[in-house]
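The values are calculated or read from the model by the stated rules, or taken from the named source; none is laboratory data. Just so we're clear, the structure is a prediction, and the values are computed from it rather than from any experiment. FYI the Cβ positions are ideal-geometry reconstructions off the backbone, even for glycines, and counts take in every protein chain you see. Ligands, DNA and RNA are excluded from the accessible area calculation, which covers all protein heavy atoms including side chains. Shrake-Rupley method; radii C 1.70, N 1.55, O 1.52, S 1.80 Å.
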Amino acid sequence: MQIQIPEKVNKIIRTLAAAGHEAYAVGGCVRDAVLGREPADWDITTSALPMEVKALFGRTIDTGLQHGTVTVMLGQEGFEVTTYRVDGEYEDCRHPKEVQFTRSLTEDLKRRDFTINAMAYNEEAGLVDAFDGIADLRKGVIRCVGRAEERFMEDALRMLRAIRFSAQLGFVLEEKTRAAITKLCGNLKKVSAERIQAELVKLLTSPHPEKLREAWESGITQVVLPEFDVCMACGQNNPHHIYSVGEHTLHALEQTEADKVLRLAVLFHDFGKPQVKTTDAEGIDHFKRHPEVSEELAGKILRRLKFDNETTGQVKKLVWCHDYHPALTPAGVRRAVNRIGEELFPLYLKVQRADILAQNPAMQEPKLQALQEVGQLYDRIRQEKECVTLKQLAVSGRDLMEAGFASGPGLGEILQYLLELVLEEPKRNRKDRLLQEALRRYKISDSANEAFYDMDADDRI
Ligand code: ATP
Ligand code: MG
């Protein structure tokens, strides 16, 4: 089997070989190259010790010397070169306490998580596939290297990684690998939030986010995202719905493009429903105020998983507004853009679309039509560059102060009042008219009031 290796990677491998060392491309990049996918990065494994690697290349970065990793810089690009190693004793289902370097490639491949991730390649030796990774790639199977239970006892994160790779590649879990996850998933609670976050994001932004269902079936979400299990158990006896809250969420995820903020927002959009569920006399379920409760839960979960503030803020806002339906008028949509924000509004439309597509198909048509209309009204607002934010308002806080208003929080209130008038009617966005209106409404200057009433009625707001 032949693999196309980038020239720079080959150069590193050849340089190491010329100095008497072994070196191979290894892991994810070999897997992806065999599958014809573009590898995210090319990792190199070598028999050379870190100091020996550093001596051979002009520019290197000590990325993780104690783990054997040196980053070799070629131009702007960096390549991680890691010494063959075996992992020492594992502590508490997490990181190995220490690593030992070895001169054996097979030993290095043996420590890797799955057979498809345990292949190495260079042009000289061709493919080194000691654990039948190619066969599993062909079959579409995620299988642990060695005994699954042992491997998951060493590092519990591998259980979530198994689901993540099955979601990225559309693969199934091999039977023993699956059984071991069901048995040992409780150990995931010992894994750091940062590592879980990274795998969860990769799972969610993969071509198969609905594989979250497998994480649920095998008990993983019970440990890392128990709120989802509550959603899976929450029925929705309501004409708009045909699925439980959890199943609806999985179907909505499938209808969402693979963007991190979007997929997270869709994941959380109905998480509050179980808490607010009521059933009326006819037996119909209702979920009043669920967006606010979902928003609060999303914030809690994102903090727990150590997400950054920007992601958290955007996701919360999208969850909060996911069920907001503006009046189908230009003014209604301008108001919606103002409340939701220009940056998030296009994403809000996408969340709504995904939500609708995962509801009762018999009732989708009018909802999709209304959504399309909102989209068209929005496009026109953008084309016309109509004012939808304070920034675009023809009057600023400074203008108000120059007109005699005292500085302070009162200014914000006046500006918001003026903005509401302009959202209603864009033609009102003229400095002179808005200042007059501010003076009239907030009555600080009698002379200005007189000036206002001297105007033709048509010129007034
Ligand atoms: P991606 O495309 O997401 O980068 P990847 O397979 O390269 O996928 P990484 O997390 O970058 O995954 O890890 C690189 C390689 O290191 C893996 O292919 C695997 O061989 C090994 N590896 C990574 N994490 C573990 C782990 N927790 N246990 C065992 N081996 C691991
Ligand atoms: Mg990688």
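Once you have all Cα-Cα distances for the range 248-387, histogram them in 5 Å bins from zero and send the whole-percent values.
Going from the shortest bin to the longest, the percentages are 2, 10, 18, 21, 21, 15, 8, 4, 1, 0.
Which length gain, in nm to one decimal place, applies between Asn237 and Tyr324 when the Cα-Cα distance is subtracted from 0.36 nm times their residue separation? Show your work: numbers first, answer last.
On the way: separation 87, 0.36 × 87 = 31.32 nm, distance 2.15 nm.
Taking Asn237 through Tyr324 to full extension adds about 29.2 nm, to one decimal.
Once Lys and Arg get +1 and Asp and Glu get -1 on their Cβ, which of Gly88, Ala362, Ala327 lies farthest toward the positive end of the dipole of the chain?
Gly88
List, in order, the whole-Hz ³J(HN,Hα) value for each residue of the range 298-314 obtained from phi through the Karplus relation with A = 6.51, B = -1.76, C = 1.60 and θ = phi - 60°; use x for Gly and Pro.
4, x, 4, 5, 5, 5, 4, 8, 6, 6, 6, 5, 5, 4, 4, x, 5
For Thr256, list long-range residues whose amide hydrogen, built 1.01 Å from N in the peptide plane, is under 5 Å from its own amide hydrogen.
none
Setting aside same-chain residues fewer than 8 positions from Lys385, which lysines have a Cα under 18 Å from its Cα?
By straight Cα distance, Lys385 reaches Lys427, Lys431.
So what's the back-of-envelope 222 nm ellipticity for the chain, counting only DSSP H runs of four-plus at -39500 (n - 2.57) apiece and dividing by all residues, rounded to 500? It would help to have the intermediate numbers written out before the result.
On the way: 24 runs with 238 residues, N = 461.
Using -39500 (n - 2.57) per qualifying helix, the result is -15000 deg cm²/dmol.
Write down the accessible area per residue of the chain in Å², having rolled a 1.4 Å probe over the full set of protein chains. Before the final figure, lay out the partial values.
Details: 22000 Å² over 461 residues.
So the chain comes to 48 Å² accessible per residue, rounded to a whole number.
Work out from phi, with θ = phi - 60° and the Karplus expression 6.51 cos²θ - 1.76 cosθ + 1.60, the ³J(HN,Hα) of each residue of the range 118-134, listed in order in whole Hz, and give x for Gly and Pro.
In residue order, the calculated couplings are 10, 10, 10, 8, 9, 5, 5, 8, x, 7, 10, 9, 6, 10, 6, x, 4 Hz.
Considering only protein heavy atoms and a 1.4 Å probe, what is the carbon-and-sulfur percentage of the accessible area of the chain? Don't jump to the answer; show the numbers that get you there.
On the way: 10550 of 22000 Å².
About 48 percent, which is the carbon plus sulfur part of the accessible surface.
In the structure shown, do any of Lys273/Lys306; Lys110/Lys260; Lys288/Lys367; Lys211/Lys316; Lys8/Lys190; Lys277/Lys316 have a Cα-Cα gap over 29 Å, and if so which? Please report the intermediate quantities before stating the final value.
On the way: Lys273/Lys306 24 Å; Lys110/Lys260 33 Å; Lys288/Lys367 19 Å; Lys211/Lys316 23 Å; Lys8/Lys190 39 Å; Lys277/Lys316 21 Å.
As for pairs spanning more than 29 Å Cα to Cα, those are Lys110/Lys260; Lys8/Lys190.
Dividing the convex hull volume of the alpha carbon atoms of the range 331-425 by its residue count, what do you get in Å³ per residue? Display every interim value, and only then the final one.
Details: hull volume 9.8 nm³, N = 95.
Convex hull of Cα atoms, per residue: 103 Å³.
What size of dipole, in debye to the nearest 20, comes out for the chain about its Cα centre when the only charges are +1 on Lys and Arg C-beta atoms and -1 on Asp and Glu C-beta atoms?
Numbers: 63 positive and 72 negative charges, 94 e Å.
Its charge dipole is roughly 460 debye.
May I ask you to derive the FRET efficiency for His67 and Lys300 from their Cβ-Cβ distance with R0 = 41 Å, giving the value to the nearest 0.05? Could you put the intermediate results ahead of the total?
Values: r = 34 Å, r/R0 = 0.82.
Between His67 and Lys300 the formula returns 0.75.
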